[in-house]
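Since the structure comes first, as structure tokens, the remarks are kept for the end.
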Amino acid sequence: MTKTVAILNGPNLNLLGRRQPEIYGAETLTDVETRCSDTAAGLGLETCFFQSNHEGEIVEAIHRARDEAAAIVINPAAYTHTSVAILDALNAFDGPVVEVHISNVHKREDFRHHSYVSARADAVIAGCGTQGYTLALHRIATLLED
Ligand code: DHK
């Protein structure tokens, strides 16, 4: 059976392409999702997508992934730096988790340097632009083969 990867995006990423394009690039979230679907198909994987501006909705999407997905790619956006609840939800998920940041958070303000999610993530990709999502899918494919 084809394995599904849940691709989860946090607050303000619905504005991708229009929000600070000098930092987050010109692609929209729909562009990113289309590219992820194509990449996943080439890797023999399926994708499902979810974006929310609300912490609890992201927690619930991670809960659903426990039954519906083999792996998670997550850009928690600002919740990266604040959310123990998202970390706890990811700790209750058994498959591989890759954390993605479009920008290089380590080159930015100090408050972006700490990630709660990194305590659970199997890999972290930062500063590769929106390409980070497809890089994450390649890593997930490898981890799911092991
Ligand atoms: C996206 C955000 O919205 C920020 O709050 C994070 C992350 C960085 C990104 O680079 O994708 O600090």
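Please indicate, with yes or no, whether at least one residue in region 137-146 is within 14 Å of the ligand (Cβ to nearest atom) and either in contact with a helix residue (DSSP H, G or I) (Cβ under 7 Å, 6 or more places away or on another chain) or at pLDDT 95 or above (or both). The answer is no, given that none of the residues of region 137-146 is within 14 Å of the ligand (Cβ to nearest atom) and either in contact with a helix residue (DSSP H, G or I) (Cβ under 7 Å, 6 or more places away or on another chain) or at pLDDT 95 or above (or both).
Scanning region 84-112 for residues that are part of a loop (DSSP other than H, G, I, E, B) and touching a helix residue (DSSP H, G or I) at 6+ places or on another chain (Cβ under 6 Å) returns PHE93, PRO96, ILE102, SER103. Report yes if THR34 is among the hydroxyl-bearing types (Ser, Thr, Tyr) and surrounded by fewer than 18 Cβ atoms within 10 Å (Cβ to Cβ), otherwise no. Yes.
A search for C-beta distances below 7 Å between a residue of region 35-48 that is among the basic types (Lys, Arg) and any residue that is in a helix (DSSP H, G or I), counting only pairs 6+ apart in sequence or on different chains, returns ARG35/THR134. Residues of region 1-27 that are within 14 Å of the ligand (Cβ to nearest atom) and part of a loop (DSSP other than H, G, I, E, B): GLY10, PRO11, ASN12, LEU16, GLY17, ARG18, ARG19, GLN20, GLY25, GLU27.
Restricting to region 96-122, and then to whatever is in contact with a Lys or Arg (Cβ under 9 Å, 6 or more places away or on another chain) and more than 15 Å from the ligand (Cβ to nearest atom), can you tell me which residue is nearest to ASN53 (Cα to Cα)? In this case the residue turns out to be VAL97. Regarding region 71-80, can at least one residue be identified that is away from the ligand (no atom under 13 Å from the Cβ), within 21 Å of HIS114 (Cα to Cα), under 12 Å from the mean Cα position of the chain (by Cα) and part of a helix (DSSP H, G or I)? Checked region 71-80: no residue is away from the ligand (no atom under 13 Å from the Cβ), within 21 Å of HIS114 (Cα to Cα), under 12 Å from the mean Cα position of the chain (by Cα) and part of a helix (DSSP H, G or I).
Scanning region 123-136 for residues that are away from the ligand (no atom under 14 Å from the Cβ) and either surrounded by fewer than 17 Cβ atoms within 10 Å (Cβ to Cβ) or free of Cβ contacts under 8 Å to residues at least 60 places away in the same chain (or both) turns up just one, ALA123. VAL117 meets the conditions (1) aliphatic (A, V, I, L, M); (2) closer than 17 Å to ASN12 by Cα; (3) within 14 Å of the chain's Cα centre (by Cα) in every case but one. The failed one is (2). Reported count of residues in region 28-56, each being hydrophobic (A, V, I, L, M, F, W, C), closer than 23 Å to GLY127 by Cβ and away from the ligand (no atom under 12 Å from the Cβ), is 4.
The values are calculated or read from the model by the stated rules, or taken from the named source; none is laboratory data. These numbers were taken from a predicted model, which means no experiment stands behind them. Methodologically, a virtual Cβ is constructed for each residue, glycine included, from the backbone with ideal geometry; neighbour enumeration extends over all protein chains shown.
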